[in-house]
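Participant: I have a structure I would like to understand better, so I am pasting it below and will then ask my questions one at a time.
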Amino acid sequence: MALTPSYRSRLGYHSGLLGGIAFLASMALTISNIETHQAIEMAMAADKKVFLEQVVPSNLYDNELLQDTLTISLDGNEKEAITMYIARKEQQIVAVAYETSSEGYAGKINLIMGVNRQGEILGVRVLSHAETPGLGDKIEVAKADWILKFNGLSLNNPNETGWHVKKDGGQFDQFTGATITPRAVVKAVKQGLDFFAVHQADIVKAPLPPEPETKAQ
Amino acid sequence: MAIDYKLITKEGLWSNNTVFAQQLALCPALAVTTTATNGLGMGLATTIVLIITNVLISMFRGVVTQEVRIPVFVLLIATAVTVIDMVMNAFLHDLYKVLGLFIPLIVTNCVILGRAESYASRHPILPSIVDGVMMGLGFTFALVLLGACREILGSGTLFANASLFLGNAFAFLELTVIPNYKGYLIMILPPGGFLVLGFLMAGKRLIDNRSKSKMAIPINAVST
């Protein structure tokens, strides 16, 4: 090893080095964020489209789901708005799909759920999550059919206590080694249904997108 | 200074194996190895990251001083992992859907920092790449073995869901080793991970001791 030059032992060199590397690191992160965020968004949108078709069967509607939307803000908070994708057959609203989320074991679990006019779940799918592989990832439909158990349920079926995992006295199975994850999903779906119930009146008379013509109910 | 690539290979794959010998990265290793497929996923994702971080660390080895090396390495590794996460999500989205879950776990993986500290910061780029590949493959081997044992004992299958990960061409890997098997639940749970790891480590020592005593015989024969 060559002898280290004396300037390397100065404090300034150390802080300069650390600062320089930190600067390079932030540059790298900024550049890759700029370069990738569009592609990531496009990929997410494509994923969402696939999952939309799974939570609202395409034979139920005849309109353009992605264009026919209604935005509802949460508790008057403009930033936290939920976009409803509205499915219509012959201009009659048959179902809506929207996103819901809750905190899982490792960050947010984002779900998309389809609910018909009467408030019954047509389907729930996981859009994104970061749960532990092998333990918490059974919420993905590709890995287990656990999430299909929500189909056909509604706010009153099961009752309030039923909307929990079995460990908490409810009717949903938890996973071996992972209780937090299914608990979070059940909570998110329940919240999604509560949200639908609160806004049901607004949702079922959402205006048509091209001709803003309110349908008489 | 001649680099002994054979030695790097041997160390990475067996004698200095990250899990069985160095006993590093046990937290992510035990958490994900409920199936052999997950072990493979975690192992491959770690290998990719390890090669890239080894190159980075090796590149900066000339300017980094002893005193600030750890924060510099941590910064470089965290940046590399985050960039890989974003790039994979953007341009290799299908692969990301499979491996993406493992990448956040890699940031906390001490194999990466361990190799940076003990190898890449002292060696040129090419040997560091070879070290990354071999240590990564050794890690993958250990995780697949650990996952396979736990999966067979715990649920009676092998490489379940492999087709999701490798494509439908690899569906033949999905075996049901023991049909109608109730399974030892404990093997899937964390204690099972420690148990299986303990037995595998003991197994490795046993093999090492055997080969040592075999080698010892001819030497004795010569000396007497």
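Participant: Would you point out which residue out of B:LEU189, B:LEU143 is under 28 Å from B:GLN22 (Cβ atoms), modelled with pLDDT under 90 and not aromatic (Phe, Trp, Tyr)?
Facilitator: B:LEU189
Participant: Of B:LEU95, B:LEU30, B:LEU7, which residue is closer than 30 Å to B:THR176 by Cα, free of Cβ contacts under 8 Å to residues at least 40 places away in the same chain and either buried (at least 23 other Cβ atoms within 10 Å of the Cβ) or more than 9 Å from chain A (Cβ to nearest Cβ) (or both)?
Facilitator: B:LEU95
Participant: Residues that are within 23 Å of B:ALA25 (Cα to Cα), touching a residue at least 12 places away in the same chain (Cβ under 8 Å) and outside any helix (DSSP H, G or I): does segment B:175-191 have at least one?
Facilitator: No, segment B:175-191 contains no residue that is within 23 Å of B:ALA25 (Cα to Cα), touching a residue at least 12 places away in the same chain (Cβ under 8 Å) and outside any helix (DSSP H, G or I).
Participant: Now, a different point. Condition (residue is buried (at least 19 other Cβ atoms within 10 Å of the Cβ), touching a Gly at 6+ places or on another chain (Cβ under 6 Å), within 14 Å of chain B (Cβ to nearest Cβ) and free of Cβ contacts under 8 Å to residues at least 60 places away in the same chain) applied to segment A:86-102: is it met by at least one residue?
Facilitator: No, the conditions are met nowhere in segment A:86-102.
Participant: I've got another one for you. Determine whether segment A:180-198 contains at least one residue that is more than 18 Å from the chain's Cα centre (by Cα), crowded, with 18+ Cβ neighbours inside 10 Å and assigned by TED's automatic domain parsing to the domain that holds A:THR69.
Facilitator: Checked segment A:180-198: no residue is more than 18 Å from the chain's Cα centre (by Cα), crowded, with 18+ Cβ neighbours inside 10 Å and assigned by TED's automatic domain parsing to the domain that holds A:THR69.
Participant: Looking at A:HIS14, A:HIS37, which is the one that is closer than 12 Å to B:MET86 by Cα and assigned to a helix (DSSP H, G or I)?
Facilitator: Criteria check complete, one pass: A:HIS37.
Participant: Can you go through A:GLY119, A:GLY136 and tell me which one is touching a strand residue (DSSP E or B) at 6+ places or on another chain (Cβ under 6 Å) and either more than 29 Å from B:PRO104 (Cα to Cα) or more than 14 Å from every other protein chain (Cβ to nearest Cβ) (or both)?
Facilitator: A:GLY119
Participant: Now for a different question. Please specify each residue of segment B:59-118 satisfying the condition of being over 29 Å from A:HIS129 (Cα atoms) and under 19 Å from the mean Cα position of the chain (by Cα).
Facilitator: Once the filter is applied, which keeps residues that are over 29 Å from A:HIS129 (Cα atoms) and under 19 Å from the mean Cα position of the chain (by Cα), segment B:59-118 yields B:ARG115, B:ALA116, B:GLU117, B:SER118.
Participant: Might you check whether a residue that is surrounded by 12 or more Cβ atoms within 10 Å (Cβ to Cβ), at pLDDT below 90, of a type outside the set (Ser, Thr, Tyr) and in a loop (DSSP other than H, G, I, E, B) occurs anywhere in segment A:111-128?
Facilitator: yes
Participant: Could you check B:THR79 against (1) free of Cβ contacts under 8 Å to residues at least 12 places away in the same chain; (2) hydroxyl-bearing (Ser, Thr, Tyr); (3) more than 11 Å from chain A (Cβ to nearest Cβ) and say which number it fails?
Facilitator: (3)
One line per residue, one yes/no per condition, for (1) crowded, with 22+ Cβ neighbours inside 10 Å; (2) more than 9 Å from chain A (Cβ to nearest Cβ):
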site	(1), (2)
B:ARG69	no, yes
B:LEU101	yes, no
B:PRO104	no, no
B:ALA116	yes, yes
B:PRO124	no, yes
B:ILE129	no, yes
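Participant: Further, regarding this structure: Give just the number: which of (1) touching a helix residue (DSSP H, G or I) at 6+ places or on another chain (Cβ under 6 Å); (2) in contact (Cβ under 8 Å) with a residue 40 or more places away in the chain; (3) part of a loop (DSSP other than H, G, I, E, B) does A:LEU135 not satisfy?
Facilitator: (1)
Participant: May I ask you to say which residue of B:VAL49, B:VAL19 is hydrophobic (A, V, I, L, M, F, W, C), under 19 Å from B:PRO190 (Cβ atoms) and crowded, with 23+ Cβ neighbours inside 10 Å?
Facilitator: When all the criteria are applied, what remains is B:VAL19.
Participant: Scan segment A:13-47 for residues that are facing chain B (nearest Cβ under 7 Å), over 19 Å from B:PHE73 (Cα atoms) and loosely packed, with under 15 Cβ neighbours inside 10 Å and jot them down.
Facilitator: Hit for segment A:13-47 is A:ASN33, nothing else.
Participant: Among all residue pairs at least 6 apart or on different chains, which show Cβ distances below 7 Å where the first residue, located in segment A:140-164, is under 27 Å from B:ALA162 (Cα atoms) and the second is in a helix (DSSP H, G or I) and of a type in the set (Asp, Glu)?
Facilitator: Sorted first by the residue in segment A:140-164, then by its partner, the pairs are A:LYS143/A:ASP137.
Participant: What number of residues within segment B:155-172 are in a helix (DSSP H, G or I) and under 20 Å from B:PHE102 (Cβ atoms)?
Facilitator: Final tally of qualifying residues: 6.
The values are calculated or read from the model by the stated rules, or taken from the named source; none is laboratory data. Quantities reported herein were computed from a predicted structural model and do not represent experimental measurements. Here the Cβ is made from the backbone with ideal geometry for all residues, glycine too, and neighbour counts use every protein chain on show.
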